[in-house]
Every structure is written in C-alpha cells, then in structure tokens.
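Student: Got a structure here, written out as structure tokens. Questions coming.
The values are calculated or read from the model by the stated rules, or taken from the named source; none is laboratory data. Quick caveat, the model's predicted, so the values are computed rather than measured. No Cβ is skipped: glycine too gets one built from the backbone with ideal geometry, and neighbour counts run over all protein chains shown. Accessible surface areas use protein heavy atoms only, side chains included; no ligands, DNA or RNA. Shrake-Rupley method; radii C 1.70, N 1.55, O 1.52, S 1.80 Å.
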Amino acid sequence: MSINAEIKVNGKSYELPVVEGTEKEIAIDIGKFRSASGLITLDFGFKNTGSTKSAITFLDGEKGILRYRGYPIDQLAEKSSFLEVAYLLIFGSLPVKDELENFQESIYEHTLVHEDIKKILDGFPSNAHPMGVLSSLICSLTAFYPESLDPSSSWKDVNLSINRIIAKITTFAAWAHKHQQGHPVNYPGKYEDYTADLLHMMFKLPGKEYEVKPVVSRALDQLLILHADHEQNCSTSTVRIVGSSHASMYASVSAGINALWGPLHGGANQAVIEMLEAIKADGGDTDKWMAKAKDKDDPFRLMGFGHRVYKNFDPRANIIKVAADEVLEALGVDDPILEIAKGLEEVALRDDYFVERKLYPNVDFYSGIIYRALGIPTEMFTVMFAIGRLPGWIAQWKEMRENKEPIGRPRQIYIGENERDYVAIDQR
Ligand code: CMC
C-alpha cells in the first residue's frame, strides 16, 4: 500500500515522504519540509515527533506490548537473565553460550574500580543524593579512561567501555549507598550473579555473613530486565542527543542518569512509597485517599497508577506483581505500608473511576514495594532503575553512532522582544 502525505499551507501543497516501520507504524518525514517551505513543525515535549528509526525496542501502549529486539518482555523476564538481555539489547541477538560466558566474565573482571575514585566519593557529603553521586562517578570514568573521549575509537574499544560501564555501575551504586550510610565500602566479589554481587556490596557489614536468597536476586534481576529499555523516553533521548555531539559513552550515560533522576521520570517509584507512608501517617484510611485521588479539586493522584503510553495494562507490572508477592512471602515481610499498598490496589482495581479511565498499577507501583522489602532506601530506588536502564542507554547510544546520525538540534519559535536599541545604565 502506498501512502502519500501532503501539507497545504496558504494554498501551496507540499508532498512529504512517508516512512513505515516493521510493525506498520507510519510517520511523515518532515526532514526536508523546512528547506522546501521555510516552515518548521512545533511539538512541545516531542509527544508526536519521532526522533529516530530504531531496531531496539517495540512498544505498543494501546495493546500493552513491549518487546526487546522482537522478543516479548514476558518471555525475557521469565526465561532470561539481566546480562543476557543486556547483550541482546546492545548487540542485537541472543548470545550463544560462549558469547554469554565471555560477556559475563568480562563484566566480572571490570567491576573493580580505580582506588582514586574512592577519593571522589569521599568528597561528597554523606547526605548527597545517590543519583548525583552515581552520575558523577560514571562521568569520572572519562578521566580514568581518556581514550574513550576519542570519537574515532575502534568498536573494540567501544566494547571495552560497554563492559566497563556495565560492571562498574554496580560498584558505584553500592558505594553511593554505603557512603550515605557512613559505612566502609565493600569491594566487588564473584558471587552467584550480577545482582547477588550488587546486593553483597550494598548490604554486607564488616565481619558479618550476608546471604542473598535466590528469590531475592531473581526478583531484582527481573526488575532490571523490565527496566532495561523503553524506547525514546526522556533519559534515552538525552543519551542519544548528548552522544550525537560525539561525547563519550560515559558522559552520555551520565547525562541520562541525570535525566532519569526527576520525579516525572525515574522518581515515580520513590513517590509511591512516599504516598504509602503519608497514608499510614494519616491513619491508613485508604478510602479517604481514594476519594482524594478522584476529587477533581484535589491535585492528589494515586502514585503508581496510570501510564502515559500503556492504556490497557503495563505488561511489566503484571510480571513484577508476581515477583513482589514471592519476595514478600519468602522474606516474611510484615510491613504496614505493604498492607496499605495491597489494600489500595484491591480497591482501585474494582473502582469505577479507575476502571473507566483504564488506570492500572504500573511497574513503579510494584518495584517500589520490592525495593522496600529488600531494605533498599527510597533514595536508592532511582539508582536501581538506572542500573536496569543502562543496557538500553548503551544500545541506543551505539545504534545512533553506528547509523552516523547527525547532531541533535531542534528548532524553536521565538516569542521574545523584537529588535531594540541598547539603553545606557543611567537612562534605564
Ligand atoms: N490517580 C487518579 N486519577 C488519575 C491518575 C491517578 N494516578 N492518573 C490519571 N488519572 C485521571 C486523570 O485525572 C484524568 O481524569 P479525567 O479524564 O477525569 O480528567 C484521566 O485519569 C486521564 O489522565 P491523564 O493525565 O490524561 O493521563 P496521562 O496519560 O496524561 O497521565 C500519568 C499518565 C502516568 C502521568 C498519570 O496516570 C499519573 O500521574 N500517574 C501517577 C504517577 C505515576 O505513577 N507515574 C509513573 C508512570 S510509569 C513511569 C515509567 O514507565 O517510566
């Protein structure tokens, strides 16, 4: 089927090419529209603007579909591991046994970080937000590996940077947590897997054993898989646009971490727990808070419900709900906040207001619950999200560079003053 697009401005028509994706998504290519017409298009927040063609992640919010490189998210979450998914996202296909083993081995080898990075860590006050610490430490890798700054580095060097950053982010995240606690840091070890190593570094206390229950490391691994990519969102677009200036991967990922930090993006899981704490402090009356959420004169919204793109269900939430139940049971967690969460979920799923508006629990509703049950402090929630999203950022950065995409440079409509003459200071 051939599709044509035509824009008519003041009686003059412009024919525009139409691009079709493998899932039959259609876009009007306006790349040459300005040179033909002198006009630009305006789209605050790029809500209707495709910034690239990508072969990494397919998402259909209406149908609740999320696939990495064609593989459905539920299959990956059930059968795969985070490092396997990282390989898939970054290199485009599922690894064979040797490839996965070599990849894992290389990640384990690179978890150790230069001792001087500890001096940078020590320079932060102990109340520094761990996201700021994480983005700074990631960016500091540009200083320890200056060859990564060379935009003409070989793909072999890029692959080394990829392994280094996936390895070191867990060490940095755990160290940011330990620093906040005022505890000595733990060094990476070779535990059962990537997530077990992370948990050891985060929670092991000097002279004490620390055991990671398989159900816990598995749930965390699944959470990382579910967060690994989500096509062109705020942080991912940031990584691509920073990388489009040929900034290094470390600098680009560091920028992505900062973009993820905001409460409108990665910070929602923290907002869920803060809301549950507020409900508890208020006496735990979920009906009262449901009424607030439905009251149009009240700005309060039920955190962890609804989604900008998923309008029927969040496929990630269905998977993680099961893991959340398993973790809570395995750990025998008895936390009044979690009881409030369960109560709220039950009421909301039956409530007409929520059902009519298709407001279902999203992934952040359950991820916050799991993190809390694991004893991870709320300020670290977004850090965990960043670890999960890292392979997606790397894959998108790599794709952008492989495709030799141009530097990102949006346009604007100027609405400021017209030209006027400078006025001397004593005459203003
Ligand atoms: N609680 C109460 N009412 C809600 C909620 C909520 N959480 N979410 C949406 N609504 C209502 C909203 O008031 C509106 O009602 P009406 O039609 O009567 O005016 C209707 O539902 C549609 O809302 P909307 O704002 O047009 O929906 P949206 O798609 O623009 O917003 C959202 C999506 C995620 C911003 C919103 O649902 C929300 O604020 N949720 C709570 C915050 C949250 O959990 N965010 C995390 C999202 S997952 C993050 C990720 O994947 O990265």
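Student: What percent of all Cα-Cα pairs in segment 98-199 falls in each 10 Å bin, counting up from 0?
Tutor: Percent of Cα pairs in each bin: 14, 45, 32, 9, 0.
Student: Just to confirm, what accessible area per residue do you get for segment 163-296 at 1.4 Å probe, in whole Å²? Present the calculation step by step, with values, prior to reporting the outcome.
Tutor: Values: 5010 Å² over 134 residues.
Heavy-atom accessible area per residue stands at 37 Å².
Student: In the structure displayed, which of Lys79/Lys311; Lys47/Lys404; Lys12/Lys32; Lys63/Lys398; Lys63/Lys311 lie more than 18 Å apart, Cα to Cα?
Tutor: Numbers: Lys79/Lys311 26 Å; Lys47/Lys404 24 Å; Lys12/Lys32 16 Å; Lys63/Lys398 29 Å; Lys63/Lys311 8 Å.
Pairs exceeding the cut-off: Lys79/Lys311; Lys47/Lys404; Lys63/Lys398.
Student: I've got another one for you. Could you check how much of the accessible area of segment 73-409 is carbon and sulfur, as a whole percent, using a 1.4 Å probe?
Tutor: Working: 7450 of 14430 Å².
Carbon plus sulfur share of accessible area: 52 percent.
Student: Still on this structure, I have one more. Quick check on segment 1-145: what are the equivalent-ellipsoid semi-axes from the Cα gyration tensor, as sqrt(5λ), descending, whole Å? The partial results should precede the final answer.
Tutor: Details: eigenvalues 354, 130, 41 Å².
After diagonalising the Cα gyration tensor, the semi-axes are 42, 26, 14 Å.
Student: For labels at Val185 and Arg308 in the simple 7 Å Cα→Cβ model, what's the distance in nm?
Tutor: 3.3 nm
Student: Further question on the same structure: Viscosity 1.306 mPa s, temperature 10 °C: give me the Stokes-Einstein translational D for the chain in µm²/s, with Rh taken as the Kirkwood radius over C-alpha pairs. Spell out each step's value before the answer.
Tutor: On the way: Rh = 23.6 Å.
In µm²/s, the coefficient is 67.
Student: At 1.4 Å probe size, what's the solvent-accessible area of Lys208? Round to the nearest 10 Å².
Tutor: 120 Å²
Student: Quantify, in whole percent, the carbon and sulfur part of the accessible surface of segment 4-50 (1.4 Å probe; protein heavy atoms only). Present the calculation step by step, with values, prior to reporting the outcome.
Tutor: On the way: 1990 of 3940 Å².
Ligands and nucleic acids excluded, carbon and sulfur give 51 percent.
Student: Mind giving me the FRET efficiency for Glu192 and Thr22? R0 is 41 Å, r the Cβ-Cβ distance, nearest 0.05 is fine. Can you show the working numbers first?
Tutor: Numbers: r = 37 Å, r/R0 = 0.91.
That pair, Glu192 with Thr22, gives E of 0.65.
Student: Now for a separate question. Distance from the Cα centre of segment 111-126 to that of segment 298-342, in angstrom?
Tutor: What the calculation gives is 35 Å, centre to centre.
Student: Keeping all protein chains in place, calculate the accessible area per residue for segment 4-50 (probe 1.4 angstrom), answer in Å². Walk me through the numbers on the way to the answer.
Tutor: Details: 3940 Å² over 47 residues.
Averaged over the residues of segment 4-50, the accessible area is 84 Å².
Student: May I pose another question? Based on alpha-carbon centroids, what's the gap between segment 1-72 and segment 190-239 in Å, whole number please?
Tutor: 36 Å
Student: Grab the DSSP H runs of the chain that are 4 residues or longer, score each as -39,500 (n - 2.57), total them, divide by all residues and round the 222 nm result to the nearest 500 deg cm²/dmol. Please list the in-between numbers first.
Tutor: Values: 18 runs with 224 residues, N = 428.
About -16500 deg cm²/dmol.
Student: Roughly speaking, what is the stretch gain from Ser126 to Tyr14, that is 0.36 nm per residue apart minus the C-alpha to C-alpha distance, in nm to one decimal? All intermediate terms of the calculation are to be shown ahead of the outcome.
Tutor: Values: separation 112, 0.36 × 112 = 40.32 nm, distance 5.89 nm.
The Ser126-Tyr14 span can extend by a further 34.4 nm.
Student: So, one more: Counting only GluC sites (Glu not before Pro) that are in a DSSP loop and have at most 14 other C-beta atoms within 10 Å, tell me the longest site-free stretch of the chain.
Tutor: Details: sites that count: Glu23, Glu25, Glu62, Glu115, Glu192, Glu209, Glu211, Glu417, Glu419.
Longest stretch, sites excluded: 212-416.
Student: So, R0 is 30 Å and r is the distance between the beta-carbons of Phe91 and Ser245; what FRET efficiency does that work out to, to 0.05?
Tutor: Values: r = 24 Å, r/R0 = 0.81.
Efficiency for this residue pair is about 0.80.
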